[in-house]
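The values are calculated or read from the model by the stated rules, or taken from the named source; none is laboratory data. In this text, all values refer to a predicted model and were calculated from it rather than measured experimentally. Every residue, glycine among them, receives a Cβ derived from its backbone with ideal geometry; neighbour counts consider all protein chains shown. To get the accessible areas, we keep the full protein, side chains included, count just its heavy atoms, and leave off ligands, DNA and RNA. Shrake-Rupley method; radii C 1.70, N 1.55, O 1.52, S 1.80 Å.
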Amino acid sequence: MSELLLLARIAGRRVAFPALDVNSVVEIDALTPVPGAPAFVSGLAALRSRALTVIDSAKALELEQATTGLEAIVAEHDGHLYALQVEAVEDVAEALSEPQEVRGSLGSGWERAARGMVESAAGPVLLLDAAAIVAGPAHSVQRAA
Amino acid sequence: MDDLLSEFVAETREMLDALESEIVAWEQAPEDKARLDAIFRFVHTVKGNCGFFDLPRLAKLSHAAESALAEVRAGRRQPDTALVDAVLAVIDRIVAMVDVLEAGEDYPEGGDDALMAALEPSNDDGGEAAALRAQSATSGQASSTNRDGPRSIRLPVELLDRVMSGVSDMVLARNELARRLREYGVEPTIDGPFERLSAVLDDVRDGVTRMRMQRIEHLFNAFPRLVRDLSAELGKQVLIDVEGGEVELDREMVEMIRDPLTHIIRNAVDHGFETPAERIAASKREIGLLHISARQSGNRILIAISDDGRGIDTGRLADKAVASKVASPAEIAAMSETEKLALIFEPGISTAAAVTSISGRGVGMDVVRANIERVGGSIDVTSTPGKGTRILLSLPLTLSIIPALTIECCGQRYAIPRSYIEEIIHSRSGSAQLAQIGDAWLATIRGERIRCLTLAAVFGIDRQSSPKGATLILVRLAGGDFFALAVDRVLDHEELVIKPLAPAVMATGIYAGTSLLDDGSPVLMLDMAGIARKHDLISDVQRRVRRELPGLAQIASAEEGVPVLLFTGLDNRRRAVRLDVVNRVDKVEPTAVTLTDDGARIVLEDKVFPLAGVNRGAVPESRFPILRLSDGKGELAYAVQAIADSARIDGDISPAARAGEIEGIALVGGTPVEVLDCHWLFAREMRGSAALQPATCRFDGDDPWLDTILRPLAESAGYRVVSDDAQHADVVITTDSTASEAEGPDNRIRIVSDPDIAGQVAGTIYRYDRAGLLAALAQARMGRVA
């Protein structure tokens with residue numbers, strides 16, 4: 001398998017994003033808060049002349065604590081640019097297997113965003129779907145609708 | 001030359017350029033199906049386009065060629081050389097005519113018949129057609145040599161967009177550079193060139209913005225055909241009248257409103273208009289009139305679509321809403337006509353009794369509204385049963401650059417579109433008085449009471465925040481409603497390039513978009529209409545809008561007659577009141593009403609007004625609408641069950657037999673309604689009431705608080721403050737420092753500065769117990785009247 005993965009850490013767990021989904025990796029230094037927005041939206045940031053919607057990946061995955069790191073993964077979804085805040089961006093690695101289903105429960109947030117488990121040189125990692133993270137926790141989607 | 005015609009010429013030329021090689025190839029191999037199809041498509045398109053313009057010769061020629069080629073395509077005719085020559089001769093003639101058309105001249109008469117005759121199968125004289133072709137080609141050549149006029153090129157919109165966003169980014173970079181230059185104070189030698197660069201850039205941006213503008217005709221021109229086809233299919237007769245096609249709009253905006261407008265027109269033809277038989281039965285002209293107009297107003301474009309059809313059946317809308325669980329029967333019962341009308345924008349509601357192929361396929365007005373609002377527009381619907389419906393769209397001129405005001409709240413910057421801002425008032429300046437009513441704030445600006453929101457509360461950051469000491473932004477919504485928004489500070493005027501926001505942020509309903517400021521940091525653009533909607537600040541009757549838009553033809557505008565507001569009284573009778581005396585329409589709680597022997601009174605925004613209309617039925621148990629009538633000086637309220645609509649009286653008012661609340665009976669839309677006699681109402685309600693002779697009030701004591709703080713309150717409650725001790729005063733107000741309990745307590749209000757005392761000693765009021773003070777003042781005045 002030659003699919004490239006971007007390895008990152010969210011809430012202490014190693015995760016992977018398909019490198020094709022990732023535009024770039026940035027450091028978020030200045031955040032413009034968005035009052036009234038769901039908790040998983042940290043705010044807005046600027047990337048060159050475009051505005052990024054900054055998403056706290058941990059909160060979007062329905063985890064309790066907020067992401068602390070500065071690094072964020074930039075991904076485009078439906079014409080909007082998003083920056084997914086992660087604890088750390090680790091490496092780029094090759095996927096050594098197709099995504100496989102994981103048996104047993106992962107936790108609802110993880111299950112919604114996971115495409116499956118892939119093998120990499122760094123061991124098994126959970127492959128995440130950036131679009132699912134951007135959509136936020138299920139209940140906030142309902143509220144938005 | 002006409003814009004559209006030049007587009008037609010450009011398009012025809014473009015097709016011809018592409019066809020050039022096909023023609024040659026077809027000449028070689030007339031049996032080639034693909035080539036034949038290409039040429040058929042060309043003449044077919046030319047024929048179709050000619051239908052839009054008054055070009056009968058071109059239309060005839062292309063039609064003849066099309067028919068001949070259709071025969072060939074159907075296999076009924078062999079493409080012999082005579083035919084090929086004849087078709088090519090026609091194409092050459094089309095080229096020549098188009099050239100002449102572009103030059104703005106007339107093509108010399110004659111010759112068309114010979115060309116068309118050459119297309120006929122009976123004509124086997126190939127030589128003649130060939131000769132015709134040669135002749136036609138030479139004359140075409142001759143005319144193309146003196147081809148002049150404005151040269152134009154066609155560009156893909158994506159390219160324009162790229163240039164546009166490049167220019168936008170350049171403006172941002174320029175602003176950033178300007179800021180740095182200011183900060184570091186560079187040499188004056190740099191200033192000159194920088195200024196020049198800056199001016200050129202502004203010019204370029206202007207040009208690019210104009211490049212994206214398109215006449216709305218481009219959109220409107222398709223509608224006559226659409227209406228014709230639809231009405232033919234549905235067995236209706238509809239005449240379309242389009243006005244204001246010269247209004248220019250951003251290209252992208254034109255595309256964005258194409259579908260919503262088409263949907264509205266489909267709806268109008270399908271559901272709005274009756275069949276000719278029904279129209280005659282309703283004594284209307286059998287041909288329905290659909291009027292579409294566009295008008296620019298400031299930096300908004302207003303598009304009105306009105307029909308003189310049957311109007312929207314709000315009763316059926318309400319039933320649908322109940323059936324599809326959009327609203328409960330109780331909610332429906334409490335709704336005014338206008339609110340019921342607004343149900344049409346709720347998802348899953350369509351007025352069509354049956355699903356037809358034209359409309360009523362589930363995509364309804366909710367989608368239309370969502371699309372209009374997505375581009376920063378708004379949509380309003382008004383309808384008179386039996387008379388017609390009018391839909392008004394208000395759209396921003398362009399999608400991208402919006403003049404805005406940046407403000408600060410809670411340490412963050414936000415932007416407000418300048419088009420919404422009526423005025424900026426510093427609350428400390430004294431031109432606005434603030435008062436807290438329950439949890440809400442009211443600002444009194446030049447005598448008008450306006451709801452005041454604090455931005456911190458809108459954001460949910462600080463729900464208890466007070467607008468005192470803040471800067472008030474007086475916001476005027478598209479519907480004509482006002483509200484004041486309290487912000488910490490006003491920063492600057494800026495032209496912002498607005499970009500869309502992610503759905504999760506849009507879902508808050510507070511923001512309209514985002515932009516980057518000079519320093520590259522993002523700023524959120526507030527959605528004023530969204531904020532107002534969230535806080536229920538949009539009134540039901542959009543009377544002011546209608547008054548301010550006389551240019552937009554109304555359904556009833558052509559008719560003469562006194563404008564009136566139709567409503568249903570508490571006794572369920574339909575009545576009308578002259579629109580001129582209606583100051584505004586409010587909704588009130590039943591608790592605001594006091595019934596006395598002398599008639600009913602109502603407390604509105606701290607003032608007591610006479611309330612008419614309640615003697616004909618019990619006061620409703622839930623919030624109900626009132627009409628606020630004014631004779632220029634005094635004001636009175638009239639309780640009603642529901643507001644229907646505004647209309648005009650047909651003909652005269654036949655006077656009532658005896659003087660009373662009803663002036664007489666008039667016909668509105670063919671049905672009789674009672675018209676209120678406003679003179680009688682005012683004469684009765686104002687008799688001996690406080691409004692006729694203001695009650696007087698005297699402050700006992702020299703506490704400066706009385707004069708500075710209490711006086712405006714007493715005055716707003718309808719009292720005249722007298723200072724002379726000897727003068728009679730209807731009410732005397734004392735503070736605890738001048739307490740003298742010996743005097744008669746009947747007309748005395750005692751004010752204490754300690755809330756605990758107010759609670760313990762009867763007949764005293766805490767000085768900041770506003771409601772209590774007002775009640776006491778109102779009661780004292782009532783006592784005087786009785």
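Has the range B:46-68 got at least one residue that is in contact with a Phe, Trp or Tyr (Cβ under 6 Å, 6 or more places away or on another chain), among the aliphatic types (A, V, I, L, M) and surrounded by 21 or more Cβ atoms within 10 Å (Cβ to Cβ)?
No: zero hits.
Which condition number in (1) more than 14 Å from chain A (Cβ to nearest Cβ); (2) in contact with a Lys or Arg (Cβ under 6 Å, 6 or more places away or on another chain) is the one that B:S429 fails?
(2)
Of the numbered conditions (1) open to solvent by 10 Å² or more (accessible area, probe 1.4 Å); (2) in contact (Cβ under 8 Å) with a residue 24 or more places away in the chain; (3) within 14 Å of chain A (Cβ to nearest Cβ); (4) among the polar types (S, T, N, Q), B:S466 satisfies every one except a single condition; which is it?
(3)
Got a sec? Which of A:S42, A:S24 is within 17 Å of B:L501 (Cβ to Cβ), among the hydroxyl-bearing types (S, T, Y), outside any helix (DSSP H, G or I) and more than 10 Å from chain B (Cβ to nearest Cβ)?
A:S42
Could you list, in sequence order, all residues of the range B:474-502 that are assigned to a loop (DSSP other than H, G, I, E, B), within 10 Å of chain A (Cβ to nearest Cβ) and open to solvent by 60 Å² or more (accessible area, probe 1.4 Å)?
If the condition is that a residue be assigned to a loop (DSSP other than H, G, I, E, B), within 10 Å of chain A (Cβ to nearest Cβ) and open to solvent by 60 Å² or more (accessible area, probe 1.4 Å), then B:P500 is the only one that fits.
Residues that are within 14 Å of chain B (Cβ to nearest Cβ) and open to solvent by 50 Å² or more (accessible area, probe 1.4 Å): find the strands (runs of 3 or more DSSP E) completely inside the range A:61-114 holding 1 or more of those.
The qualifying strands (runs of 3 or more DSSP E) are A:71-77.
Taking B:A657 and the conditions (1) closer than 22 Å to B:D586 by Cα; (2) open to solvent by 60 Å² or more (accessible area, probe 1.4 Å), which numbered condition does it fall short on, given that it satisfies the others?
(1) is the only condition that B:A657 fails.
Considering only residues of the range B:257-281 that are polar (S, T, N, Q) and in a helix (DSSP H, G or I), which is farthest from B:Q214 (Cα to Cα)?
Within the range B:257-281, the match that is farthest from B:Q214 (Cα to Cα) is B:N267.
Does the range B:292-333 hold any residues that are closer than 21 Å to B:E233 by Cβ and either touching an Asp or Glu at 6+ places or on another chain (Cβ under 6 Å) or open to solvent by less than 20 Å² (accessible area, probe 1.4 Å) (or both), and which are they?
Passing the criteria: B:I292, B:I305, B:D307, B:G309, B:R310.
Just to confirm my filter: which helices (runs of 4 or more DSSP H) fall fully inside the range B:1-103 and include at least 1 residues that are aromatic (F, W, Y)?
The qualifying helices (runs of 4 or more DSSP H) are B:3-28, B:33-50.
Taking the criterion of being at pLDDT below 85, out of contact with any Cys (no Cβ under 6 Å at 6 or more places or on another chain) and open to solvent by 60 Å² or more (accessible area, probe 1.4 Å), would at least one residue in the range A:122-134 satisfy it?
no
Could you say which residue among B:T471, B:T454 is farther than 30 Å from B:V208 by Cα and away from chain A (no Cβ under 14 Å)?
Result of the check over B:T471, B:T454: B:T471.
Filtering the range B:368-397 down to residues that are open to solvent by 20 Å² or more (accessible area, probe 1.4 Å) and among the polar types (S, T, N, Q), which residue is farthest from the other protein chains (Cβ to nearest Cβ)?
Applying the filter and picking the extreme gives B:T384.
This table checks each residue for (1) open to solvent by 10 Å² or more (accessible area, probe 1.4 Å); (2) more than 14 Å from chain A (Cβ to nearest Cβ); (3) modelled with pLDDT under 80; (4) under 28 Å from B:P403 (Cα atoms).
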site	(1), (2), (3), (4)
B:A504	yes, no, no, yes
B:M525	no, no, no, yes
B:K534	yes, no, no, yes
B:P550	yes, yes, yes, yes
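Which number in (1) over 30 Å from B:Q214 (Cβ atoms); (2) in contact (Cβ under 8 Å) with a residue 60 or more places away in the chain; (3) of a type outside the set (K, R); (4) open to solvent by less than 20 Å² (accessible area, probe 1.4 Å) marks the one condition that B:V72 misses?
Of (1) over 30 Å from B:Q214 (Cβ atoms); (2) in contact (Cβ under 8 Å) with a residue 60 or more places away in the chain; (3) of a type outside the set (K, R); (4) open to solvent by less than 20 Å² (accessible area, probe 1.4 Å), only one is false for B:V72: (2).
A:V34: crowded, with 20+ Cβ neighbours inside 10 Å, more than 16 Å from the chain's Cα centre (by Cα) and within 26 Å of B:G520 (Cα to Cα), yes or no?
Here the answer is yes, as A:V34 does meet what is asked.
Residue by residue through the range B:506-521, note down the ones that are assigned to a strand (DSSP E or B), open to solvent by 10 Å² or more (accessible area, probe 1.4 Å) and at the interface with chain A (Cβ under 7 Å from one of its Cβ atoms).
B:L516
Being at pLDDT 75 or above, surrounded by fewer than 19 Cβ atoms within 10 Å (Cβ to Cβ) and among the charged types (D, E, K, R) narrows it down to one of B:R784, B:R767, B:R750, B:R711, so name that one.
B:R711
Select from the range B:175-188 the residues that are under 18 Å from B:V523 (Cα atoms) and within 14 Å of another protein chain (Cβ to nearest Cβ) and list them in ascending order.
The answer is B:N175, B:E176.
Does any residue of the range B:399-410 turn out to be without any contact (Cβ under 8 Å) to a residue 60 or more places away in the chain and either within 21 Å of B:Q296 (Cα to Cα) or part of a strand (DSSP E or B) (or both)?
no
For residues in the range A:29-39 being outside any strand (DSSP E or B) and facing chain B (nearest Cβ under 7 Å), which is nearest to A:I133 (Cα to Cα)?
Filtering first and then ranking leaves A:P38.
Out of the range B:419-443, which residues are surrounded by fewer than 16 Cβ atoms within 10 Å (Cβ to Cβ) and not in a strand (DSSP E or B)?
Matches in the range B:419-443: B:R428, B:S429, B:G430, B:S431, B:G438, B:D439.
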